Amino acid sequence: MHDPMTLIYEVPGLFMLWHVDPEVRGDDDSCGWFTPNLTDEEIKLAKNLVHNPDDNVQHWFGGKQSIYDLERFVYLMFGNLKRLHRPWWRHPRWHIHHWKLTIIPLRDFKRWAFTRCAACGKRMPFGYAPVSGQWNSKGPRWFKSEERKYHHECYGVDGPKETREESA
């Protein structure tokens, strides 16, 4: 699983505009940002191309794993062709209902004013990017500390300090 947010546009130091994928298929590209979704007809055509017994290409691919690799390759090629010939207005960057706006100075202020390190309890410096070790963080909130945010030195290589001390 990866981060479902894709950066659309940024004005450095002012704001960032994100596309947040709803993950309806269980993956982080359900909108088709990188690989457009194939229709049922396109999937059927791809399967027919791969599982044609008279195919010269299939002669070189033997065994179930190789057929699976060939099928995956054909799906990727179909998706790539669909992406290359997609009109500009059908790209997921225009899914306005999936947009999220981050105002950078406001985010930095909320993090400086309210967020405390989960290990040492000290506040974050202004403009500091803490470590969390998780994807689904809600970000800085008004009058609340962010959960499981750490200074870089408090997090360390093996995870948060309190977790490393408990396991020792």
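Which of the pairs Lys44/Lys100; Lys100/Lys122; Lys44/Lys82 have their Cα atoms more than 27 Å apart in this structure? Too far apart for the 27 Å limit: Lys44/Lys100; Lys100/Lys122.
At full extension, Ser30 and Trp89 could sit 19.5 nm farther apart than now, given 0.36 nm per residue minus the alpha carbon distance.
Can you pull out the trypsin sites (Lys or Arg not before Pro) in the stretch 6-48 that DSSP calls coil and that have at most 16 other Cβ atoms within 10 Å?
Working: sites: Arg25, Lys44, Lys47; in loops: Arg25.
Hits after loop and neighbour filter: Arg25.
Between the stretch 1-25 and the stretch 73-98, the alpha-carbon centres lie 17 Å apart.
Bear in mind these aren't lab numbers, they're just calculated from the coordinates by the rules spelled out. Please read all numbers here as calculations on a predicted model, not as lab measurements. Note that we place each Cβ from the backbone using ideal geometry, even for glycine, and neighbour counts take in every protein chain shown.
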